[in-house]
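Asker: Below: one structure in structure tokens.
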Amino acid sequence: MGSVFRLPLLPAVLFYAAGIWFGQFELPLKGPLALFLLLGLLGLWLLFLLLRWQRKGSWLGLLFFFGLGMASMQSYVYPDLPHHHISRFTRADRVLVEGTIVRPPERRPEGTRLRIEARTVRSENHLASVEGRLLLDLKDPDPAVGYGDRIRFLCRLERPTGFRNPGVFSYERYLAHERIYAIGYLSDERLWVKTGDGFGNPLLSKIEAWRDHIRAFIEKETQPPASSILQALVLGEQGRIPEEVRESFVATGTAHLLAISGDHLGIVALLTFSLFFGLMKRSEFLLLSLSVKKWAAGLTLPCLLLYVFIAGGGISVIRAAIMVFALFLSIVTDRQRHLLHSLGLAAFVILLFSPPSLFDVSFQLSFSAVLAILYLVPRLYQNVLRIPLLPSGVSHKRKIFQYGMLSLLVTVVAIVGTAPIVVLHFNRISLIGWMANPLIVPWVGFLIVPLALIACLLSFVFSPLASLLIALAQSLTDLLLRVLGALASIPLASLYLPTPTALEVLLFYLLVFLGVHLRRGRGLRWLFASAILLLIANGLYWGFKDVLRKDLQITFLDVGHGDSILIEFPRGKRMLIDGGGSFEGRFDIGKRVLAPFLWKKKIRKMDYLVLTHPDPDHWKGLLFIASQFTIGQFWDNGLTQRMEASAPLWKTLRQRQIPHRSHNEQSDPLWVNGVEIAFLNPPAFTPPTDRKRFSTWLNNQSLVLRITFKEVLFLLPGDVEAEAEERMVRKGHGLRAQVLKVPHHGSHSSSSLPFLERVKPDYAIMSVGKGTAGRLPHPSVLQRYEALGAKILRTDRHGAIVVRTDGRRLEIRTSVREGP
């Protein structure tokens, strides 16, 4: 490894990347002071180089790159925005915004996402010039706008907020990486108009016009779902790929093919180079007068550049392009090729222009795969398998076998090298990827991609042949999807896994590194054994950590408009009450929000899964949890199997044979490891009598739980409204509780005064989404809680709210320190 670090670029890249990573945290050094220190380091470095103090100068240089990385990242996540920035106009009132679309529209089945550079804002008859980008979503999946168009729209501006739960994906941070600090919300889809076009970069506008032509050609000549796959492979647009098709790619470990990256660009480069090289070799004049190899490499470069433009120039495309360009330029210039140096150059260029790319999953997967292949394959192939890397003097059958072995080894090494990052980001690993990739990668790379690319280029000049080729590409794509569907249906084709910790990722890569060097000495073998023991100890810690728990912890999760509550009992038992969910839309709260939070906590089993009542904003998120987690028991109010809307959840519960218990106010209290759970609602089942008030009746059937741990009580009333509240007061139920989950998200139809006077909560916790249609919580409800002296905590302002108690004292933490 010493030779690697003697390469001048690689240490600089490593220190710069480390600085970017530290820069994601808020630091005291920023602004003019940070700039002054950086300039001082740069000056000292140059001075030391002039004085030929190489070693000291090298360390100063590395320190400069580290500081540069921190400062670059700070400018994204903790920016010093000017007073006329668009984000300064976030408020409840609607404003009229005019701006220019600066990125190609992101088209999806549920709508179109626009990234807009704002120019003016009109508010209350005041017109102001502004700067900065904002995000705008349109429900129209194919609006008549594109890159460089100027639009005007009436919207409500808000700061970006995602689901703010501890340790999981941050939507605010994701948008900050694109320098977007405001989102526009249209109250009416008709409140926007195109006011002009041609305001973009002329070259990019021309390229986007080509892409529009290609997109229209693919949509006209092919049928879904093949058309969505072809758009992803040619244009890099994945938004219209159906979820079930995407799932097949993920389950088989071939999802990387949907993003244009090194696989596609490398194969296109190889085929283009081979074509030019083969044609030029046929001419004796060219062979005698030119270096055919250099000219073939030189002619390949503009073809690659064209593909990069057509593909949209994403991070994975740029990374692959820089590496392939470096490789072919080394051929043209007779330079010694060093693939690690090319990889370092690609990383440095990308991070220099876009520091947040370090946190981009495609960036991490691309570089980890290439690093693993470059470092592990030669050592495993020659030292472990003991096969000559370039066999000679053997039969063609033997060569085919050995190259087949090499291809399989490359696939397995790439899977191993990216496995921790895949699990870190997706909590999933494919067990058949080693088998699927050697089949699917050539199928896509050598057949579908070249055919589709040639067809799309020919569509500009000769439509009949283009139509024939794209039809052939569709046939191959349809067959591919059938094969992937069959492979994905294999039992245990893929597994969901908990999120690995930083220690686990480091230990995994350490074991992989040491595994190919075990023959070098006893010291390495001892280190390998120690790493395995440390990994086992880590597993034992996570396995027994919760068993030793003595306190009760309840987490009110941020799921937007909906409810979801995780209860962690003493000695390791767990209960999840409700799962959030949306009344419409494709976003899966269970898969995208709840499961990552649980996996981050290493939770794979839920002893009790509870549904208070079958409203979509309570049951939809439980569907994924019920299907992918081990469930001990399912509790409800007796309506899950009766309601047609919650039929998918009931079907999953039956298929997995999960024990089911229905509770009401007549149910006896249950004890879980020293914690009492009492059921205060609903009454014995009575069918609704007024269909017009069905929603109210359903809310009043909510399962109401009172959780008692020694001297501390929690009341979790679901979505009960005033009628059920008054009935519980009238029945004389013990309602006093220090912590109350505010019923029905703070609706004015709940939290009646007699009910609150009986509960007398010290803390009122509201599970509410930002910008909800019903303007929840209602101002009158907030006034009632304030009059009682209760401290109000809200998931829309504080994120997830964690309450921990030893049975006497309460400790409350929030994901966000202070709401906006």
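The values are calculated or read from the model by the stated rules, or taken from the named source; none is laboratory data. Computed from a prediction, not measured in an experiment: that's the story for all the values here. Heads up, the Cβs are rebuilt from the backbone with ideal geometry, glycines too, and the neighbour counts pull from every protein chain shown. Heavy atoms of the whole protein, side chains included, go into the accessibility calculation; ligands, DNA and RNA do not. Shrake-Rupley method; radii C 1.70, N 1.55, O 1.52, S 1.80 Å.
Asker: With only Lys, Arg, Asp and Glu charged, each at its Cβ (+1 for the first two, -1 for the last two), find how big the charge dipole of the chain is about the Cα centre; round to the nearest 20 debye.
Answerer: For the chain, the charge dipole is close to 2460 debye.
Asker: Regarding region 587-655, what are the three Cα extents along the principal axes, ordered largest first, in Å?
Answerer: If we take the Cα atoms of region 587-655, the spans are 34, 26, 20 Å.
Asker: Based on Cα positions only, what radius of gyration and what Dmax would you give for region 643-693, in angstroms?
Answerer: Gyration radius and largest Cα-Cα distance of region 643-693: 14.9, 43 Å.
Asker: Tell me, rounded to the nearest percent, the portion of alpha carbon pairs in region 604-761 spaced more than 20 Å apart.
Answerer: Values: 6182 of 12403 pairs.
So the portion of pairs separated by more than 20 Å is 50 percent.
Asker: Treating the angle as unsigned and between 0 and 90°, give the value, to the nearest 10°, between the Cα long axis of helix 31-50 and the longest Cα principal axis of the chain.
Answerer: For 31-50 against the chain, the angle is about 30 degrees.
Asker: Moving on to the next point. Quick one: in region 500-554, what % of C-alpha pairs are over 17 Å apart?
Answerer: Values: 709 of 1485 pairs.
That tail contains 48 percent of the Cα-Cα pairs.
Asker: What is the sum of charges, Lys and Arg at +1 and Asp and Glu at -1, for the other residues whose Cβ falls under 13 Å from the Cβ of LYS770?
Answerer: Details: positive: ARG156, ARG159, ARG164, ARG775, ARG794, ARG797; negative: GLU158, GLU172, ASP558, ASP796.
My count for the surroundings of LYS770 gives +2.
Asker: Also, I was wondering about something else. Quick one: what do you get for region 443-509 if you divide its Cα Rg by 2.2 N^0.38 Å? Intermediate values should be presented prior to the final figure.
Answerer: Numbers: Rg = 19.7 Å, N = 67, 2.2 N^0.38 = 10.9 Å.
My calculation over the Cα atoms of region 443-509 gives 1.81.
Asker: Rounded to the nearest 20 debye, what is the charge dipole size of region 212-367 about its Cα centre when +1 sits on each Lys and Arg Cβ and -1 on each Asp and Glu Cβ?
Answerer: On the way: 11 positive and 11 negative charges, 137 e Å.
In total the dipole reaches around 660 debye.
Asker: Heavy-atom accessible area per residue, region 711-774, 1.4 Å probe: how many Å²? Could the numbers behind the result be given before it?
Answerer: On the way: 2220 Å² over 64 residues.
Heavy-atom SASA per residue in region 711-774 reads 35 Å².
Asker: Relative to the longest principal Cα axis of the chain, at what angle does helix 522-544 sit, 0 to 90 degrees, rounded to 10?
Answerer: Compared with the principal axis, the helix lies near 20 degrees.
Asker: I would also like to ask the following. Determine which residues of region 564-593 fall in the zone a paramagnetic label at SER667 would reach in this model, i.e. backbone nitrogen under 20 Å from the point 7 Å along Cα→Cβ.
Answerer: 564-570, 573-580
Asker: Please report the Cα spread of region 576-625 along all three principal axes, rounded to whole Å, starting with the longest.
Answerer: 30, 21, 11
Asker: Given 5 Å bins starting at zero, what is the percent of C-alpha pairs of region 677-789 in each, up to the one with the largest pair distance?
Answerer: All Cα pairs, binned at 5 Å, distribute as 2, 12, 22, 25, 19, 12, 5, 1, 0 percent.
Asker: Once you have the alpha carbon radius of gyration of region 177-290, what is it after dividing by 2.2 N^0.38 Å, with N set to its residue count? Let's see the in-between values first.
Answerer: Values: Rg = 20.9 Å, N = 114, 2.2 N^0.38 = 13.3 Å.
Working it through for region 177-290, the quotient is 1.57.
Asker: Something else about it: Report, to the nearest whole %, how much of the accessible area of region 694-791 belongs to carbon and sulfur atoms, 1.4 Å probe, protein only.
Answerer: Details: 1880 of 3710 Å².
On region 694-791, the fraction of accessible area on carbon and sulfur atoms equals 51 percent.
Asker: Compute and list, largest first, the equivalent-ellipsoid semi-axes of the chain from the alpha carbon gyration tensor, each √(5λ) rounded to a whole angstrom.
Answerer: On the way: eigenvalues 518, 208, 177 Å².
Value: 51, 32, 30 Å, ordered largest first.
Asker: Something else about it: Principal axis lengths of region 93-202 from Cα atoms, whole Å, largest first?
Answerer: Computed over region 93-202, the largest-to-smallest principal extents equal 43, 33, 28 Å.
Asker: Over region 54-166, give the accessible area per residue in Å² for a 1.4 Å probe, as an integer.
Answerer: On the way: 5230 Å² over 113 residues.
That works out to 46 Å² for each residue.
Asker: Nearest 10 degrees, 0 to 90: what angle lies between the long axis of helix 54-77 and the longest principal axis of the chain (Cα atoms)?
Answerer: Computed tilt is about 50 degrees.
Asker: With the full set of protein chains in place, find how many percent of the accessible area of region 128-229 is carbon and sulfur; take the probe as 1.4 Å. If you can, show how the numbers build up before the last one.
Answerer: Working: 2650 of 4870 Å².
With neighbouring chains kept in place, the figure for region 128-229 is 54 percent.
Asker: Quick one: compute the contact order of the chain, relative version, from alpha carbon pairs under 8 angstrom and 6+ residues apart, as a percent.
Answerer: Working: 1437 pairs, mean separation 64.2, N = 820.
Relative contact order, the chain: 8 percent.
Asker: Then there is this: Rounded to the nearest 500, what is the 222 nm mean residue ellipticity of the chain from helices alone, with -39500 (n - 2.57) per DSSP H run of 4+ residues and division by all residues? The partial results should precede the final answer.
Answerer: On the way: 28 runs with 384 residues, N = 820.
About -15000 deg cm²/dmol.
Asker: Let me ask another. Using θ = phi - 60° and the Karplus relation 6.51 cos²θ - 1.76 cosθ + 1.60, list the HN-Hα couplings for region 296-311 in order, rounded to whole Hz, with x at every Gly or Pro.
Answerer: 5, 5, x, 6, 5, 4, x, 5, 5, 4, 4, 5, 4, 5, 5, 6
Asker: To continue, here is another question. Take the Cα radius of gyration of region 22-148 and divide it by 2.2 N^0.38 Å, with N its residue count; two decimals is plenty.
Answerer: On the way: Rg = 21.6 Å, N = 127, 2.2 N^0.38 = 13.9 Å.
In units of the globular-protein estimate, region 22-148 measures up at 1.56.
Asker: Tabulate in residue order the Karplus-calculated ³J(HN,Hα) for region 657-662, using 6.51 cos²θ - 1.76 cosθ + 1.60 with θ = phi - 60°, rounded to whole Hz; enter x for Gly and Pro.
Answerer: Each residue of region 657-662 in turn: 6, 7, x, 10, 9, 9 Hz.
Asker: If you roll a 1.4 angstrom probe over the protein chains with everything in place, what fraction of the accessible area of region 448-606 belongs to carbon and sulfur, to the nearest %? Let's see the in-between values first.
Answerer: Values: 5330 of 7670 Å².
It is 70 percent, rounded to a whole number.
Asker: Output the Cα-based Rg and Dmax of region 743-820 in Å, rounding Rg to one decimal and Dmax to a whole number.
Answerer: 12.9, 39
Asker: How big is the antiparallel share of DSSP beta bridges in the chain, given as a percent to the nearest 5?
Answerer: Values: 66 of 90 bridges.
Once the DSSP bridges in the chain are tallied, antiparallel ones form about 75 percent.
Asker: Distance from the Cα centre of region 728-759 to that of region 640-656, in angstrom?
Answerer: Each part reduced to its Cα centre gives a spacing of 30 Å.
Asker: State which entries of LYS601/LYS651; LYS139/LYS194; LYS550/LYS605; LYS545/LYS605; LYS206/LYS294 exceed 24 angstrom in Cα-Cα distance in the structure shown. Let's see the in-between values first.
Answerer: Details: LYS601/LYS651 28 Å; LYS139/LYS194 16 Å; LYS550/LYS605 19 Å; LYS545/LYS605 14 Å; LYS206/LYS294 31 Å.
Flagged as over cut-off: LYS601/LYS651; LYS206/LYS294.
Asker: Please report the net charge: other residues with Cβ closer than 10 Å to the Cβ of VAL234, K and R +1, D and E -1.
Answerer: Working: positive: ARG211, ARG215; negative: GLU237.
My count for the surroundings of VAL234 gives +1.
Asker: Still on this model: Summing +1 for each Lys or Arg and -1 for each Asp or Glu, what net charge is found among the other residues whose Cβ lies under 10 Å from the Cβ of GLU665? Intermediate results must be reported in sequence, preceding the final value.
Answerer: Working: positive: ARG727, LYS731; negative: none.
Taking every other residue near GLU665 into account, the sum is +2.
Asker: Report ³J(HN,Hα) in whole Hz for each residue of region 756-766, in order, from the Karplus equation J = 6.51 cos²θ - 1.76 cosθ + 1.60 where θ = phi - 60°; Gly and Pro get x.
Answerer: Those phi angles translate into 5, 5, 7, 6, 6, x, 7, 10, 10, 10, 10 Hz.
Asker: Considering all alpha-carbon pairs of region 212-362, what whole percent are spaced by more than 22 angstrom?
Answerer: 51
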